[in-house]
Amino acid sequence: NLFHKFITTQSSPIKLSESIAPFYYFNKKGGIDSSDLPVAAIDIGGGTSDIVVYHQNEPKVLTSFRFAANSIFGDAFNGSPELNGFVKKYQTVIDKLLADNNLADLEAVLREIKEEQSSEDIVAFFFSLENNKTIQERSIPISFNDKLANDDDLKIVFLIFYSSIIYHLAKLMKQKGMKAPRYITFSGTGSKVISITDRGNDLNALQRLTKLIFEKIYAGESVGSIELKQHPEPKEITCKGGLLSETTIDVDDIKNVLIGDKENTLVPDTSMNYTTLNDAKLNSIIAEVNSYLDLIFALNTDFNFTKNFGVNPAKIDSYKEILKEDLMQHLKLGLAIKTKELAGNTNINVEEPLFFYPLVGALNKLAYKITTQVNN
């Protein structure tokens, strides 16, 4: 009724998925076209990420998974701020900056947030400081984003986060029989972590890494140029893209779930529900995660992570070992939480890639171990 009262009486509102909208901004305003080669649009939020692959300027494939900004900064499946590397490393730094600059009001806010025992809320506060009116008016140099972009120890966490999404995208597109994308666009508030990974304004290092990952997955097939496109205001382009969109597609018609096992099981092409996830299937998922980790760390030989991203060279081998520890435990924890959410209704097709469950726990553990090892 409000829509008809204030906007128009001539038509009804069009239902459009938030993940589909950003492409049409890039398409209409940025010259990004998928008439020939596909375009992959990655929307990274706080809790979930969505990928939509376009061809001939229409959405063809959509997938969604709970692997987003909170997977980097949050508490994984059963953690706490005491076990969070980002909070552990930067809490005293931020506390001191606030105290030294007599920002008592902000100190009080932070104390309240800490009482809630949520790392993602604490880190969100850290990020918010550089946009705080008082801090801006007094030109106080507090930028959590800049601190992370120059943190050579924790940089690997962002690199693994980014590259695992690209790896999964490449696997999904290959399984769907699609050519490698010409462009990959980024939207959503969580996509700002991309600029932490690659300090260059043109994302040139990440662009080259992305092409290398696609070449490994598309072995024997030609992979052309892949350009990354990011907008400084990721939420804004979602709104504008929605206004520019003309598609009426139902996302359920194009939704796919690549489980993330060695067999490249794809739902709904293959039916796979939660009750059929036996030990063999769980082992296959862990084997696929290990294959990804082997691939990404092998790339460091020819595409030096220290030179291109500032990753601490002394610890690279240990990073891989830490990431590979307890993968099955992380997977089972994630599945236990999902089963609880389903309230016993597990006789349904798997709703999201299971590939990312082990990585949620692994990234949390890696950040904590890096911080405690550095401090020791």
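Summed over all non-identical Cα pairs, the Kirkwood treatment of the chain gives a radius of 21.9 Å.
Using only side-chain charges placed at the Cβ, +1 for Lys and Arg and -1 for Asp and Glu, the dipole size of the chain relative to its Cα centre rounds to 440 debye.
For PHE127 and ASP253 in one chain, what is 0.36 nm times their gap in residues minus the Cα-Cα distance, to one decimal in nm?
Values: separation 126, 0.36 × 126 = 45.36 nm, distance 3.73 nm.
Value of the extension gain: 41.6 nm.
Based on protein heavy atoms only, the stretch 48-160 ends up with 44 Å² per residue of surface accessible to a 1.4 Å probe. Mean residue ellipticity at 222 nm, helices only, the chain: -15500 deg cm²/dmol; runs of at least 4 DSSP H residues each add -39,500 (n - 2.57), and the sum is divided by the number of residues.
Phi-derived couplings, Karplus 6.51 cos²θ - 1.76 cosθ + 1.60 at θ = phi - 60°, listed residue by residue for the stretch 271-288: 7, 8, 9, 5, 6, 9, 7, 7, 4, 4, 5, 5, 5, 5, 5, 5, 4, 5 Hz, with x used for Gly and Pro.
Fully extended, how many nm does the chain gain between ASN150 and ALA99 (0.36 nm per residue separation, minus their Cα-Cα distance)? List each step's numbers first, then the result.
Values: separation 51, 0.36 × 51 = 18.36 nm, distance 2.30 nm.
Working it through step by step, the gained length comes to 16.1 nm.
Legend: Rg and Dmax of the stretch 138-224, from Cα coordinates, 15.3, 57 Å. Pairwise alpha-carbon distances in the stretch 250-327 exceed 18 Å for 56% of all pairs. When the chain is treated as a GNM with alpha-carbon contacts under 10 Å, the residue of SER71, SER222, SER195 showing the greatest mean-square fluctuation is SER222. Annotation: amide H of LYS229 within the under-5 Å range of ILE184, THR185, PHE186, sequence separation 5 or more or interchain, hydrogens built in the peptide plane.
Could you please state how large a percent of the accessible area of the stretch 103-210 is carbon and sulfur, counting protein chains only and using a 1.4 Å probe? Here it works out to 41 percent. Available extension along the chain between MET328 and TYR218 is 36.8 nm, counting 0.36 nm per residue and deducting the alpha carbon span. For the chain, set up a Gaussian network in which alpha carbons nearer than 10 Å are linked by springs, and say which option among LYS133, LYS365, LYS179 fluctuates the most. Per the Cα network of the chain with a 10 Å cutoff, LYS133 tops the list.
The values are calculated or read from the model by the stated rules, or taken from the named source; none is laboratory data. The shown structure was predicted, so the numbers you read here are calculated from the model rather than taken from an experiment. Note that each Cβ is placed from the backbone with ideal geometry, even for glycine, and that neighbours are counted across all protein chains shown. In case anyone asks, the SASA skips ligands and DNA or RNA and just uses the protein heavy atoms, side chains included. Shrake-Rupley method; radii C 1.70, N 1.55, O 1.52, S 1.80 Å.
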